[in-house]
Amino acid sequence: MWRRVRSFFRTPKGQLTIILAVFIAIAAPGQGLRTVAPGLAAAALAAGVLDLLILRLRKRAWEFPSGAVLTAMIVALVLRAQEPWWVITISSAGAVLSKYVVRSRTANIFNPAALAIIVSFYAFHSGQSWWGALTEVPLGVQTVLLAAGVYITDRVNKLPLVLSFLGVYFFLFTLTAFVADPQWVAEIFRPPDVEAALFFAFIILTDPPTSPAKYPDQVVCGTIVAAVSYLFFEWAGVVYYLLAGVLAGNLWEAWRRTSRRTGTTFPRGIGAFVADLAPWNSVEMPSPAAELTTSRASATLAFQDSTLASSASSFPPYL
């Protein structure tokens, strides 16, 4: 038992759990423990129990729902700490369900936390403060976000994805500041938007099931996410502009995987892509033994989809 626990915390998923717990420990006192605790605890419990039952039905075995707990933590850290506990809970439960409903043959298409937060915005008019990105702590303490983010990004081999996103993202807003009214984009370069962009890039964008493994594909995906995020900020002015960007990148990655597997291109490949979205055609999820492995070679064999069998390393999914 303890050996399995220790092995889990050596995996990227286990280490991300520790990182988010550290973020919560640092940021929660500033938000008020009585404010944060109910929503965070209820969301983690509801999402965990729901995923536990689904995994039992799918695998005929009990498995700890670590991905669901991570999803609930991310949802809670992005939504306003002052949101009613039931909003955070329902959003987290919806995120878990989306993994099994909106998926292709090999993996869920959209980052579940990002999708749930956007749906929550329209369903409950919820706000997003990104308090878990350490937006209200001293500058010196914020180095924890940068150090932990770089570590986990390197751990899952997604540095090109993050660097391409951040480079294009800040380039576009910098260019806009020179050619238009700089006051319009000034907030992008100030707290809490800077911390939110870093948290987004390190924690949400790098989710292995919904992001590419090969470096060239990571660069393309990061560029798409940055461009779409910029457009949603400039033209739509919505608070979820970062999350809209990652959903666009997720959709591109799902299309790329299907296109490579079927050998079809746009627009003829649309039919194959739509057929690939049927959740009942999905393959079995990784086994617990495979998920707990710590070697990159073993992780590649256990978690790469059939279209990436000979590509760069891939790692156990966060969510």
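Identify all residues within the range 116-144 that are of a type in the set (A, V, I, L, M, F, W, C) and either touching a His at 6+ places or on another chain (Cβ under 9 Å) or over 17 Å from F199 (Cβ atoms) (or both); write none if there are none.
Correct list: V119, F121, A123, F124.
Of everything in the range 156-175, what is in a helix (DSSP H, G or I) and either surrounded by 18 or more Cβ atoms within 10 Å (Cβ to Cβ) or modelled with pLDDT under 95 (or both)? Give them in sequence order.
If the condition is that a residue be in a helix (DSSP H, G or I) and either surrounded by 18 or more Cβ atoms within 10 Å (Cβ to Cβ) or modelled with pLDDT under 95 (or both), then P160, L161, V162, S164, F165, L166, V168, Y169, L172, F173 are the ones that fit.
Across the range 102-136, what is the total count of residues that are part of a loop (DSSP other than H, G, I, E, B) and out of contact with any Leu (no Cβ under 8 Å at 6 or more places or on another chain)?
Residues meeting the conditions: 6.
Within the set of pairs 6+ apart or on separate chains, which have a first residue in the range 240-257 that is modelled with pLDDT of 95 or more, a second that is outside any helix (DSSP H, G or I) and of a type in the set (F, W, Y), and C-beta atoms under 7 Å apart?
L247/F110; N250/F110
Within the range 191-210, restricting attention to residues that are part of a loop (DSSP other than H, G, I, E, B) and either in contact with a Leu (Cβ under 7 Å, 6 or more places away or on another chain) or free of Cβ contacts under 8 Å to residues at least 60 places away in the same chain (or both), which residue is nearest to Q142 (Cα to Cα)? Before you say what the answer is, go through the steps one by one.
To start, the set of residues in the range 191-210 that are part of a loop (DSSP other than H, G, I, E, B) comprises 191-192, 205-207.
Now narrow it down to the ones that are either in contact with a Leu (Cβ under 7 Å, 6 or more places away or on another chain) or free of Cβ contacts under 8 Å to residues at least 60 places away in the same chain (or both): 191, 205-207.
Values: P191: 11, L205: 19, T206: 20, D207: 22 Å.
Top of the filtered list is P191.
Taking the residues in the range 271-284 that are assigned to a helix (DSSP H, G or I) and exposed (fewer than 13 other Cβ atoms within 10 Å of the Cβ) as candidates, determine which candidate is modelled with the highest pLDDT.
Taking the candidates together, the pick is V274.
Touching a helix residue (DSSP H, G or I) at 6+ places or on another chain (Cβ under 7 Å), over 21 Å from I19 (Cβ atoms) and in a helix (DSSP H, G or I): does that describe L97?
Answer is no for this residue.
Which one of these does L57 not meet: (1) farther than 22 Å from A196 by Cα; (2) touching a Leu at 6+ places or on another chain (Cβ under 7 Å)?
With (1) farther than 22 Å from A196 by Cα; (2) touching a Leu at 6+ places or on another chain (Cβ under 7 Å) applied to L57, the lone miss is (2).
From the list V78, V96, V168, which one is in contact with a strand residue (DSSP E or B) (Cβ under 6 Å, 6 or more places away or on another chain), under 28 Å from A254 (Cα atoms) and either free of Cβ contacts under 8 Å to residues at least 24 places away in the same chain or of a type in the set (A, V, I, L, M, F, W, C) (or both)?
V78
Determine which single condition L139 fails, assuming it passes every other condition in (1) without any contact (Cβ under 8 Å) to a residue 12 or more places away in the chain; (2) assigned to a loop (DSSP other than H, G, I, E, B); (3) under 27 Å from T210 (Cα atoms).
Of the numbered conditions (1) without any contact (Cβ under 8 Å) to a residue 12 or more places away in the chain; (2) assigned to a loop (DSSP other than H, G, I, E, B); (3) under 27 Å from T210 (Cα atoms), the odd one out for L139 is (3).
Out of curiosity, is L79 surrounded by fewer than 24 Cβ atoms within 10 Å (Cβ to Cβ) and either at pLDDT 95 or above or touching a helix residue (DSSP H, G or I) at 6+ places or on another chain (Cβ under 7 Å) (or both)? It would help to see each step written out before you state the result.
Details: surrounded by fewer than 24 Cβ atoms within 10 Å (Cβ to Cβ): no; either at pLDDT 95 or above or touching a helix residue (DSSP H, G or I) at 6+ places or on another chain (Cβ under 7 Å) (or both): yes.
No, not satisfied.
In this structure, does V144 turn out to be within 20 Å of I19 (Cα to Cα), touching a residue at least 60 places away in the same chain (Cβ under 8 Å), out of contact with any Cys (no Cβ under 9 Å at 6 or more places or on another chain) and not in a helix (DSSP H, G or I)?
Judged against the criteria, V144 is not a match.
Would you mind stating whether G30 is modelled with pLDDT under 95, under 27 Å from Y241 (Cβ atoms) and surrounded by fewer than 20 Cβ atoms within 10 Å (Cβ to Cβ)?
Criteria met by G30.
The values are calculated or read from the model by the stated rules, or taken from the named source; none is laboratory data. All figures in this text were calculated on a predicted structure; none of them were measured in a lab. Counting neighbours? That spans all protein chains shown, and the Cβs are built from the backbone with ideal geometry, glycine included.
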